[in-house]
Each structure stands twice: as structure tokens, then as C-alpha cells.
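Undergrad: First the structure, which I've put down as C-alpha cells, then a few questions once you've had a look.
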2 protein chains.
Amino acid sequence: MSVDKPAPAKLKARQPRGFVDRGPADVAATERMLAVIRGSFSRYGFDPVETPFVEYTDALGKFLPDQDRPNEGVFSFQDDDEQWLSLRYDLTAPLARYVAENYDALPKPYRSYRAGYVFRNEKPGPGRFRQFMQFDADIVGAGSVAADAEICMLAADTMEALGIQRGDYVVKVNNRKVLDGFLEHLKIEGPQKLAVLRTIDKADKLDLVELQKLLGEGRRDESGDFTQGAKLGESEIDFISRNFLMGPLLDAVDGAAAYTSERTLKYLDSNRAIWPEGLDELRQIDDLLRGAGYGSDRVRIDHTVVRGLEYYTGPVYEVELTFPVTNEDGQVVRFGSVAGGGRYDGLVGRFRPEPVPATGFSIGVSRLYTALKAVKSPIVDSRNELPLVVVTAMDNKSPEFMPGYQAMVSALRQAKAADDKPLCRADLYLGSSGFNAQMKYADRRGAVCAIIQGSSERDAGTVVIKDLILGAELAAASRDVKDSAEHKAKQAEAQFSVPVEGLVEGVKTVLARHV
Amino acid sequence: MSVDKPAPAKLKARQPRGFVDRGPADVAATERMLAVIRGSFSRYGFDPVETPFVEYTDALGKFLPDQDRPNEGVFSFQDDDEQWLSLRYDLTAPLARYVAENYDALPKPYRSYRAGYVFRNEKPGPGRFRQFMQFDADIVGAGSVAADAEICMLAADTMEALGIQRGDYVVKVNNRKVLDGFLEHLKIEGPQKLAVLRTIDKADKLDLVELQKLLGEGRRDESGDFTQGAKLGESEIDFISRNFLMGPLLDAVDGAAAYTSERTLKYLDSNRAIWPEGLDELRQIDDLLRGAGYGSDRVRIDHTVVRGLEYYTGPVYEVELTFPVTNEDGQVVRFGSVAGGGRYDGLVGRFRPEPVPATGFSIGVSRLYTALKAVKSPIVDSRNELPLVVVTAMDNKSPEFMPGYQAMVSALRQAKAADDKPLCRADLYLGSSGFNAQMKYADRRGAVCAIIQGSSERDAGTVVIKDLILGAELAAASRDVKDSAEHKAKQAEAQFSVPVEGLVEGVKTVLARHV
């Protein structure tokens, strides 16, 4: 009995929580989505720009919602010179740094777009990732709300370019000056303000009674969990309910913008408050949208839009998909938000002597992908790909036969279809398994046909082409059918022999049956 | 005299060293490059897969060259649960983790590709960045050198698809079994081995005499800097010079592979060494390449190829661009390497009970971009973009006129060219500056034409279209020319008025002159 040393322990292949791998269908569909969004943003005169993933921590600032988490939600590390660096948590803070650094060289107003991953050092959960992709468009250096209106139109046009039908989405616009102005007037601030904002943010998910509990002492949900309330007094709860939870301040139906709340009209007299300015901006945005032909079925004012990021200073937007989906609990709900943004007039000015107004929005790319699958948009249809042909290597134990198989696969890769585009993707089996495993490999890869050459074909200068789709259909036929002459004729179609130099033409015959 | 509080100090907008922003031409060209590479890899039957930017530090392993740096070249940080995470330093180590984790679900051999940024915590320098993009293709689960041959062909085809002419690139193949085997035989290891490998790596940059100094006591360069040598003995220097610096071990000219060094042939008798196996693999690769029609003008054996990463175990490749460029010192040199890779049979096996062979290569995307600009590849030509039209807003002080301008820019964005593609990109000036500044903005953005409407045009229901390219030509004409009738006719062409509803047709007239 020999005493072997134990094998060294193997590493476990695993991912940090909140990070995910993405497979072929996801990657290919995302590429197509990004191309459509780029096209849409480009037509609006936006130019691409890319900033790196790593910035000085102080340049990014502290603008994430829920700052009560450790590390304030950001992944950070120290450089050799002791300075703190962070992974970007959004694409807006780095843009502000970029514009400030290159201010004189840029045309102003500066329209730009960018796509990329951002990172949040949060507790991961279902549908909540620590790395996710955003696609942003921003206009820096335009203080006019015409810029905000453009962003809303861009958002609406982009949804339709992606295959989301009119009526299945709406861009909702609010103004932080209204929201913040009212709360300031009511002297609601700090954690209490945060609790109120979170409650307003839930306006489309909970009934009024439940919302009012959240504004008051708190609420116990169906699961028994208790959420602390904002502990407002009765008159404050009434005021917020009327203005933000029960109906629009500014009703934009039929192209005529009008203030609809009496109490609001009264407060508009107070010229110390900023909300009248906020309401006036919303009215201007509404005029611009209607002037350009965007109806309230596409973009509309909605006073429940909050947006969590702390750097917003004026109009804020949210793109909501309104079609129904079934959630994890089996309930039918609206799909919900896929994009959002707003005006952030203070962000670039952190670096510059002069104030620099700016506005923009951000698409959540993974969420949008889920949405496009739900509405079966052609953009995320995997059948957009070239068909795959697998060249098997029956004699793969003998290296001297491999160059022959290699020549076949090379010929297929160089072959062109009638439109001068590539005919197909072509794969040579490079493993060491036998023929049956190779055919299984071809099936598993979703190949349309397989190419086979054993010694007898090689001697005859021929090659066998097997139509895997037709073959599978024939194999599934009943016994009676299998005895028929028609079936046998089809079998001859499903697997046939051609001279080696006729390989590409033979493959074309098979592909023509299935494309 | 009032005593004002000093304004709070502004943050400085700056980037951490070694990280860079990328402007519109760079981003757009990179998109096109990536699309071409994806197409090429896809035709070879490779599927896309993406892993996240962050991995457990131990999963990535320590395979970077020059491990004598602090942090071993990797950006790392601790998770909430104290486990160490790192930003990926290449795309190969994360792929190994991915394949090991999803081993049973993947078809094998598993062909995949991926593009993305990687991070090195190194001292940045000219052309040396801490974030850069790679584009990789790998075949996992194929031990046969037919897989290595495929990677070499893929590399060659991809260069041509990118617009690099045959003759302007070469894929050079070597085998670590040969290099490592010889050095092991000579008992050269540790820092001495590293010094020898670095010297061989410089074979195409220095003369033999200088290389031999690096193998011996050391070398002082023109600037006076001294590099410590490997301190080998005379016979070792002679051996390495003959086999690696002076000529090929395996000469692949004219399709006939043959061992050309007598001394090597003698050593081949020793069956304890691994280099005969390495040479035999190179011969097989050569046969496969010639069989598939790839001549030594495209792929060839070259014993000076080293590749720095420590995980390589067999064939290694390097894609070199051979056309001349002028470097920063004014010298004319070969462009050099843009891609490289090799076989890494041990990397997946770190996680798995069974051995898992693998091979692949990686394109340095920024370096390739520089190369494509040098050869003027159409892929990086910025004229591939849609023309830009700028709608000016002469009356931008009056919000009531903005909806009219907004309607014009919307009409242009929705306009289609004859081929049903978008006609143009269209931008509305959203700043607060006056008309002259707006025209400068249009020039600066590279607009082909500008749209103008003041009060008199508005009253008449018209709009002025100004051809900025023709306008610039006319403005540059001499005084004599300017007086001519022809010039005046052209001026009428360069700036003309149309009814508002004829805007799109008018713009088409101008664009047709310049596309």
C-alpha cells in the first residue's frame, strides 16, 4: 500500500455576489440594442465620449441615494500615492469631471452620449446587481428647459426605435423645484424628507391609504414587515396627498396646460418659494413638446416622479413601460421604469468658477433588455444570426487527416451568400471524442448542417452533407410515415454526398431550405 | 469696503494617472473595429460571452509578467465579508473561472469571444495605460494543436478583414515547450530565466552584439542607462544565440518544414526533454496552415516569440504589423505587435478535477486603432458618419419661439434619405448666446448646413438654409472672383430661402452637393 500525497485542494470557481456572466443571446441582443440607441442619440446631434471606469473619489462626489450604507455605495481603493480612487457609480459624475476638465475645447452647449458599466457597492438581491450597464445622453451648458424637452423627446423616440409601441411607454416629467420647494416650505428635511420622497416614489404601487400610513406613523405590509413612517402631522399628510398623490398639479391634457389645485394656486402668490418657477418650467416644457408634435400619450407631467439621486436641481424624468407583466409573486403589474434623469445644474460647477447648467438621462440597459424580450422586439431576436455549419473530424485520431478538414472549414468561412455577405459561420470539431459525440456537439451548438468525411468518402473525393433540421424532423416521424416512399425521398435530401469541390454549393442548398 | 467670505475652494477636475478619456472619432472608430472583429470571430463559430469586471482575487491568480511590482499589478479591494476582490487584468483568467463554473452546460470544445476593458495597477507611461481594451477568442477543451492553428488563421483573417493588407502583417508562432525546455536543460531559472526571455523578446529591436551583452554582464544604452545582464557563461550565450537569435530552429519556407540547426538535431535525441515535443507541435501547426492555404507570408514559425504571461504551456503566437512607422524619436521602425496569445492548459484545471486544455489570443484594441489610422483603413474613417445639420435659434431669448425651432429640428431628425436610412443628424442650438456665436457653434460641430429663422422669415412662413461648406469656399475666394457673376450665382446657392414646409427638401439639396 503506497502512501500518496493528497492532491492539492482545488480552487472553487465562483463569482462575487451581485456580479453575473452573460451568455451569447444576451451579449448579441445587447449589441443590437446599443446600436439602435446610438443611432437614435446620434440623430439628435449627440456625439459619443467615453470616460474611464476609475476616477478620483472626490471627483465623483457623494450623490447616491441611501447614503446610510457603509462606503456610501461605492467601490474604492487607494493608489500608490495614497489618493483614493473609486469605480464610477454612474456616468453623470464622470461626465461632469470630463466637461470641467475640457471646458474650453468643447462646443457649448455640449451634447454627448456614452454607454458603459457602472458599479454599486450594495447588498445584492434579486434583480439588483453590483455591476450594470447604463446608456446616457446629456446636454451641458444649456440652462433653458428647451434642453429638458429635447431629452424627453429623445427618450420617447428611442423607445419607439427599439420596437416599443406608442402606448406601451410614457415619459413622465416632474420638477425637483416643485417637490423640494413644497417640502422646504413645510420645513420637512433630513431623514423625514427622504421618507416622504420614498413614499411619493411608491405612488403607483400602493393605495392612498397605505401611502398615508407611510407619511404618518408607519405601515405593516402583508408579510408582517413594519416600515417606519415620516411621522408628519395630519395637515401635512393632507397637503402632500392632495398635491402629489391624488392628482396632477399641472394638467396637460388636450394641449392646454393649467394649474388644477386651488391650494397650489394660493401658494403661488408667495414669491419667496421656488415651486412657482418649477411649475412654470413644466408648463414651458409642455409647450415645447406639443409644438414638436409629442402628445401626452408619449410625454406627460407627473408629480409623483421623484428620482433618488441627490444632484438633481430642476426637471426630472422617468421612462415608464406601461404594458402588463407577471411578477415573481404571480401578480400582473406594469413593467415599470427603464430610464430616468434630470437637470443637475450644480455638478459641473463643483469644478468650475462659473455655473454650468446641465441635463440628461440614463437608460438601464439590462432592464430594457428584459422589457424588449417581454414585447418580443425584433431587436432581441436571436434568429438574426448567421446559420452555423459544423465540420466533423471523423478521423481526428490521425493528425495527417486534419489539414483536409481544415481546408473544408476554411472554404465555408470564405463563402459568400448571393448578397455578398458571409454565407455562414463554420466550426471545425477540435475535440478528441468519437463520431457520435461530434454529432451531439453539432446539435448542441444549434448547427443547421454537419459535414462528414470518413475514409471511404476521402478515397472517393467526396463529402457528406447532413441537414440536421430536416434530419430531426424525419427522425420524429411515426413508423407508418417512415415506411413511405416520400419519407425515403426526404431522407435522401437530408443526407447526401457531393464531390469535395461541391461542398459550398451543397451547403447553400441546405441553408436555402431553412432561412 | 465689504469683507466677503472667500468662495469655497473648487475641486480640481483631473484624472488618475494612466486613465484616459476617449473622444467621438476614437469611440466611433472603435465601435466599427469591434463590429468587424466580431464578424470575423463569429464566422469561425465562436460565440460571445461576457464576464464581469470584478472577480475574487484568488480566482484570477498571479500570472502577470514582472511580478516584482507592489500589488503584483492588480487593483484590489475587500468586500463586506473581508474577501479580496480584484479588477480583471486580462480576459483569460476570468474565462477560465467561467468555463470551470459552467463546465457541464457548455458544448466542448467551447469556442468563445469577448471584448472589454482590463486593468493593470502599473506605473503609467507613454502609451502605457492602466485601463485598456482587449478582444479575445479562445478554444477551451481542445488539446490538439489544430486548435492553435485555427487561432493563427483567425488572427490572420481578422487582420485582413480590418483592412490590413497581406504583407503588412505576420502571425508569428513559437512554442513555450521549446523555449522553456531549452532553458530548463541549461538549468537557467528564476530571475536569470526572466532576463534571458526579455532578451529574446528584444531580438527584433537590437543587434546581436547588444543582445549578447544582455545575456552576459549587461548593457549600457545610448542614454547611458545600464541594464543588468543575465550573466550567462560563454557557451550558454553561444547556444542561445544560435538557436533563438540567429535563425529559425524550424524553417517553414516553401511549405517544407525542416529542422535547420545541427546542434538542435543532436539535442533532439535526448528523450527526457520536452522541446522535441514542442518542435513536433510546431511542425503539425505548419502542416495545418499550409493545408488550409495559409502561406508563410501570413503565418510563420519564429523562435524569438516569448509572450510574458506565465500561464502559457505550449504554442504561443504574436501578430506583428510589419509596415514602417516613425516613432517618437524620429526613427523609422516596424509598427510591431498588436495581438498575441497561446496555449494555457493549466488555467482551467486550477478549478477542475480533470485537466482542461485551452488556447486563445487577445487583440490590443487601442494599439490596433493606432495601426489602422496609420494604414488609413476605411474602418477608422470618420467620414462614415451621417452629416450634421444645426438649427439655429435666433430668437432664443423668447421662449414662445422655441417650439417653432423645435418643430424644425424634429422634422429633420425624422427625415429619410432615398435608401430609407436617416437623412442626417440634426441639432438645435440650446444655449443663450447670440446669432454669431450660434454660427460659430455650427462650424465647430462640423455641420454641413445651418437653418436660420428670424422674425421676418417667421412672418413670411419661410426659413433660410445656409450651405456652410460652399459658404466657406466662397468666403475664401479672391476679390476679383468675388465680383464675378458666377460667384454671385454661387452665393445664391450657398444661402437660400424656402417655405417652412420645404425645409427637408431644401436640406436634401445641400447634402446632395457634399456627400
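Undergrad: Does segment B:119-181 classify as rounded, prolate or oblate by the C-alpha gyration tensor (a ≥ b ≥ c root eigenvalues; a/c under 1.5 gives rounded; else a/b over b/c gives prolate, otherwise oblate)?
TA: It comes out oblate by the Cα gyration axes.
Undergrad: Another question, then. Magnitude of the Cβ-charge dipole of chain A, K/R +1 and D/E -1, about the Cα centre, nearest 20 debye?
TA: That gives chain A a dipole magnitude of about 1160 debye.
Undergrad: Can you give the local net charge around B:Leu91? Use residues other than it whose beta-carbon is closer than 12 angstrom to its beta-carbon, Lys and Arg +1, Asp and Glu -1.
TA: Overall, the nearby charge balance is -2.
Undergrad: Another question, then. To check my understanding: the extent here is largest minus smallest coordinate of the Cα atoms along each principal axis. What are those three numbers for chain A, in Å, largest first?
TA: In descending order, the Cα extents are 96, 68, 57 Å.
Undergrad: For segment A:335-352, what does the Karplus curve 6.51 cos²θ - 1.76 cosθ + 1.60, with θ = phi - 60°, yield as ³J(HN,Hα) per residue in whole Hz, taken in order and with x for Gly and Pro?
TA: 4, x, 6, 10, 7, x, x, x, 8, 9, 5, x, 6, 6, x, 4, 9, 10
Undergrad: Rounded to whole angstrom, how close does the nearest chain A beta-carbon get to the axis mapping A onto B, and which residue is it?
TA: Smallest Cβ distance to the axis, with its residue: A:Phe77, 2.
Undergrad: What gaps in nm, shortest first, separate A:Lys62 from its twins in the other copies when you place the label 7 Å past Cα toward the beta carbon?
TA: Between copies, matching label points for A:Lys62 lie 3.6 nm apart.
Undergrad: Please report, largest first and rounded to whole Å, the three semi-axes of the ellipsoid equivalent to the protein assembly as shown, where each semi-axis is the square root of five times an eigenvalue of the C-alpha gyration tensor.
TA: Equivalent ellipsoid semi-axes, largest first: 55, 34, 34 Å.
Undergrad: Per q in 0.16, 0.17, 0.18 Å⁻¹, report the Debye log10 I(q)/I(0) for segment A:386-514, using one uniform scatterer on each alpha carbon and no solvent.
TA: -0.79, -0.89, -0.98
Undergrad: Right, next: Taking the Cα centre of the protein assembly as shown as origin and charging only Cβ (+1 Lys, Arg; -1 Asp, Glu), how large is the dipole, in debye to the nearest 20?
TA: Details: 132 positive and 152 negative charges, 42 e Å.
Taking the Cα centre of the protein assembly as shown as origin, the dipole is about 200 debye.
Undergrad: Could you sort the peptides A:297-306, B:328-337 by per-residue average Cβ neighbour count (10 Å cutoff), highest mean leading?
TA: On the way: A:297-306: 21.5, B:328-337: 11.6.
Listed from highest to lowest mean packing, they are A:297-306, B:328-337.
Undergrad: Restricting the calculation to Cα positions, tell me the Rg (one decimal) and the Dmax (whole number) of segment A:62-141 in Å.
TA: 14.8, 44
Undergrad: Right, here's the next one. From the label point of A:Asp204, set 7 Å along Cα to the beta carbon, how far off in nm is each other copy's matching point, shortest first?
TA: 5.7
Undergrad: Moving to a separate point now. Could you order peptides B:26-39, A:420-433 by the average number of other Cβ atoms within 10 Å of their residues, highest first?
TA: The packing order, highest mean first, is A:420-433, B:26-39.
Undergrad: Further question: Could you tell me which of B:Val464, B:Val173, A:Ile379 has its Cα farthest along the dipole of the protein assembly as shown towards the positive end, charges placed at Cβ (Lys, Arg +1; Asp, Glu -1), taken about the Cα centre?
TA: In the protein assembly as shown, that residue is B:Val464.
Undergrad: Select from B:Phe496, B:Pro355, B:Pro94 the residue farthest towards the positive end of the dipole of the protein assembly as shown; place +1 on Cβ of Lys and Arg, -1 on Cβ of Asp and Glu, and compute about the Cα centre.
TA: B:Phe496
Undergrad: Tell me the distances, shortest first, between A:Glu184 and the same position across the other copies, using label points 7 Å along Cα→Cβ, in nm to one decimal.
TA: Shortest to longest, the spacings are 7.4 nm.
Undergrad: What average count of beta carbons from other chains do you get within 10 Å of the Cβ of residues in B:91-104? Please report the intermediate quantities before stating the final value.
TA: On the way: counts 0, 0, 0, 2, 1, 2, 6, 4, 1, 5, 5, 3, 1, 0.
The per-residue average across the peptide is 2.
Undergrad: Let me ask something else about it. Through the Karplus equation 6.51 cos²θ - 1.76 cosθ + 1.60, θ set to phi - 60°, convert the phi angles of segment B:196-212 into ³J(HN,Hα) values in whole Hz; use x for Gly and Pro.
TA: Ordered by residue, 3J(HN,Hα) equals 5, 4, 4, 5, 4, 4, 8, 4, 8, 10, 10, 6, 4, 4, 5, 4, 5 Hz.
Undergrad: Work out the mean other chain Cβ neighbour count within 10 Å for the residues of A:390-397 and drop it here as an integer.
TA: Rounded to a whole number, the mean comes out at 1.
Undergrad: On to the next question. May I ask you to sort A:Ser223, A:Ser455, B:Ser497 by Cβ crowding, counting other Cβ atoms within 10 Å and putting the fewest first?
TA: Ranked by crowding around the Cβ, least crowded first: A:Ser223, A:Ser455, B:Ser497.
Undergrad: Now for a separate question. So if I place +1 on the C-beta of Lys and Arg and -1 on the C-beta of Asp and Glu, and nothing else carries charge, what would the dipole magnitude of segment B:387-514 be about its Cα centre? I want it in debye, nearest 20.
TA: 360 debye
Undergrad: Using the number of other C-beta atoms within 10 angstrom as an exposure proxy, rank B:Glu493, B:Glu486 with the fewest first.
TA: In increasing order of surrounding Cβ atoms, one gets B:Glu486, B:Glu493.
Undergrad: Relative to the compact-globule scaling 2.2 N^0.38 Å, provide the ratio for the alpha-carbon radius of gyration of segment B:137-244.
TA: It is 1.35.
Undergrad: Here's something else I'd like to know. Using a simple spin-label model with points 7 Å from Cα along the Cα→Cβ vector, what separation in nm is obtained for A:Gln491 and B:His514?
TA: According to this spin-label approximation, the distance is 6.8 nm.
Undergrad: Please compute, for peptide A:52-58, the average count of beta-carbon atoms on other protein chains lying within 10 Å of each residue's beta-carbon.
TA: Partner-chain Cβ atoms within 10 Å, mean over residues of A:52-58: 6.
Undergrad: Return B:Arg111, A:Arg128, B:Arg352 ranked ascending by Cβ neighbour count within 10 Å, so the fewest neighbours appear first.
TA: So the residues, fewest neighbours to most, are A:Arg128, B:Arg352, B:Arg111.
FYI, it's all coordinate maths here, none of it is from the lab. These numbers were taken from a predicted model, which means no experiment stands behind them. Reconstructed Cβ throughout: ideal geometry from the backbone, glycine too, with neighbour counts over all protein chains shown.
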